[in-house]
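A quick write-up on the structure given underneath.
Every number here is computed from the coordinates shown, using simple stated rules; none is lab data. Since the model is a prediction, treat every value here as computed from it, not as a measurement. Note that each Cβ is placed from the backbone with ideal geometry, even for glycine, and that neighbours are counted across all protein chains shown.
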Amino acid sequence: MEAEKLEETVPQLSGDEIKAVVESLLFVSDKPLPLSAITDVLAEVGKETVKEALAKLKEDYAFRRGVMLEEIAGGYQLRTHPAHAPWIKRLVKVRPVRLSQAALEVLAIVAYRQPITRAGIEHIRGVDCGGTLRGLLERQLVRIIGKVEEPGRPILYGTSKHFLEAFGLKELADLPTLKEFQELTPEESAQLQIIRPLSDEEMADHPVEGDFMGEGE
Amino acid sequence: MFVEPSASYRVKLEHFEGPLDLLLYLIKKNELDICEVSLTRIADQYLHYVNTMELLNLEIAGEFILVAATLMLMKSRALLPSEASDLTEEEDDLESPAELIRRLLLYKKYKDGALQLRERNTLFDKVFLRGSEDPILASLKEAAPTLELSIFVLLEAFQKILQKTPLSTVHEIQGENITLGQRIKQIYTQLQAAKDLPFEALFAGVKSRSLVVVTFLAILEMSRLALLRIYQNESFKTIHLESLTQTQGEGYDRVQGLLAEEEKNFTYGGDT
């Protein structure tokens with residue numbers, strides 16, 4: 001393997017040591033750490049070895065531990081176990097991130113239908129969403145990803161990388177698929193636009209990273 | 001039911017649920033399926049809610065009225081022998097019954113999507129990171145939402161209390177008029193002492209309908225000002241109000257500010 005070739009020229013790291021180094025890297029990062037960042041640092045070992053180390057680490061953390069190793073927003077991150085939330089909340093006074101029902105609905109629509117205009121969101125909810133959308137932009141869960149090339153040039157919204165982090169998602173395709181309704185006749189359901197996870201190509205068209213205005217395609 | 005704008009206080013609910021939400025709420029409450037027939041069955045209930053919102057002078061979106069009109073149309077159609085008319089089917093608006101049902105189903109799908117998001121292990125609520133402070137949240141001035149249940153659940157509780165209150169006891173006593181700010185101050189004091197109160201407790205001994213209305217508006221406004229949190233432990237169970245101000249001073253300043261502003265601008269004028 002490629003990794004073995006490299007190991008001849010650098011200090012040797014045992015499998016356990018690699019795992020430990022990866023763990024320390026994860027510990028110091030405050031953002032999900034992409035695989036590429038880890039392999040860059042651990043240049044002396046191959047990508048496959050790093051992946052193996054991550055998998056082992058994940059296993060180590062899987063049972064009776066306070067933290068878990070999770071794949072979030074295209075990277076790896078150490079997060080506390082959900083079951084321990086009550087005790088953590090006693091220790092650290094954090095403001096709850098709970099979103100209002102309206103905000104969650106707008107967020108769900110944006111997440112599943114992106115890129116979407118404000119009018120598109122309001123069409124589904126049947127009510128004005130301006131304030132709610134502004135709140136989501138402020139919280140950086142939603143971001144502007146472009147404009148439609150038509151009169152008025154309406155703004156297109158999509159979810160941000162922070163959205164994936166906040167909801168513990170690896171990528172957009174990780175969103176649960178939405179159920180269709182049983183009561184619908186085939187004709188009726190054909191009328192409805194079916195929701196599906198975005199394909200890789202579509203994901204590439206609407207990257208979740210970057211800051212503003214993914215214009216000019 | 002219209003209230004003179006000058007004599008009213010308009011409570012703005014920024015993140016208000018829409019007419020489709022109300023319909024789905026009623027469908028669920030009545031254990032119905034979404035289809036044209038069942039929609040006509042809840043038409044009256046829907047109108048009752050819209051009337052309540054008007055009584056409270058809440059800012060209701062025009063869409064609520066539009067849906068009300070569609071429901072009435074559906075109801076009248078159900079009563080009359082059917083005459084094939086495809087005219088309405090083509091409109092891409094909430095005005096056509098077919099479109100309304102289609103939109104309702106579409107909306108339901110994303111509402112379920114929102115539910116799925118809510119159930120996830122969200123950051124800084126269920127799972128935490130080292131350091132555990134969300135830089136984005138920390139930079140925001142806006143507080144977390146304090147209305148933790150559907151506005152329609154709250155409206156329903158209000159309707160029940162209103163029903164128990166006699167329509168009009170002889171003559172409305174002039175001296176009984178109380179401004180929204182004054183009522184907020186009363187509730188604030190009450191809540192400071194008790195920390196947590198059932199919703200109904202604030203209506204105990206309230207005999208006039210106008211005071212019921214003012215009390216309800218006060219609760220909504222206090223929720224908006226993050227003075228209290230409105231929550232329910234389980235659906236269809238007691239609604240609770242919890243004081244959100246730890247120290248006496250913090251919330252008191254906000255209440256005093258409200259009273260001062262009120263003196264400048266408006267007074268809530270008696271029965272509607």
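Miscellaneous remarks
- FRET efficiency estimate (nearest 0.05) - Cβ-Cβ, B:GLU119 to A:ALA119, R0 35 angstrom: 0.75
- Two-decimal Rg/Rh across region B:181-248, once Rg and the Kirkwood Rh are taken from alpha-carbon atoms: 0.95
- Over 31 Å apart at the Cα level, from the set A:LYS89/B:LYS108; B:LYS160/B:LYS185; A:LYS51/A:LYS89; A:LYS58/B:LYS237; B:LYS109/B:LYS207; A:LYS31/B:LYS237, are A:LYS89/B:LYS108; A:LYS51/A:LYS89; A:LYS58/B:LYS237; B:LYS109/B:LYS207; A:LYS31/B:LYS237.
- Within 10 Å of each Cβ in A:68-80, the average number of Cβ atoms from other chains: 2
- In sequence order, calculated HN-Hα J values of region B:148-154 (Karplus, 6.51, -1.76, 1.60; Hz; x Gly/Pro): 9, 9, 5, 4, 6, 5, 5
- Multiplying the residue separation of B:SER76 and B:LEU259 by 0.36 nm and removing their Cα-Cα distance gives an extension gain of 61.1 nm.
- Placed amide H near A:LEU169: partners under 5 Å, 5+ positions off or other chain: A:ALA73
- Separation between Cα centres of region B:34-81 and region B:194-266, rounded to whole Å: 30 Å
- Sites matching GluC sites (Glu not before Pro) across region B:13-55 that sit in DSSP coil, with at most 13 neighbouring C-beta atoms within 10 Å: B:GLU31
- Rough spin-label spacing in nm, given labels placed 7 Å along Cα→Cβ, for B:GLU200 and B:SER235: 2.1 nm
- Karplus-derived HN-Hα couplings along region B:195-208 (A = 6.51, B = -1.76, C = 1.60, θ = phi - 60°), whole Hz, x at Gly and Pro: 6, 9, 9, x, 3, 4, 4, 6, 9, 4, x, 7, 9, 9
- GluC sites (Glu not before Pro) restricted to region A:122-156 and DSSP loop, no more than 11 other C-beta within 10 Å: A:GLU149
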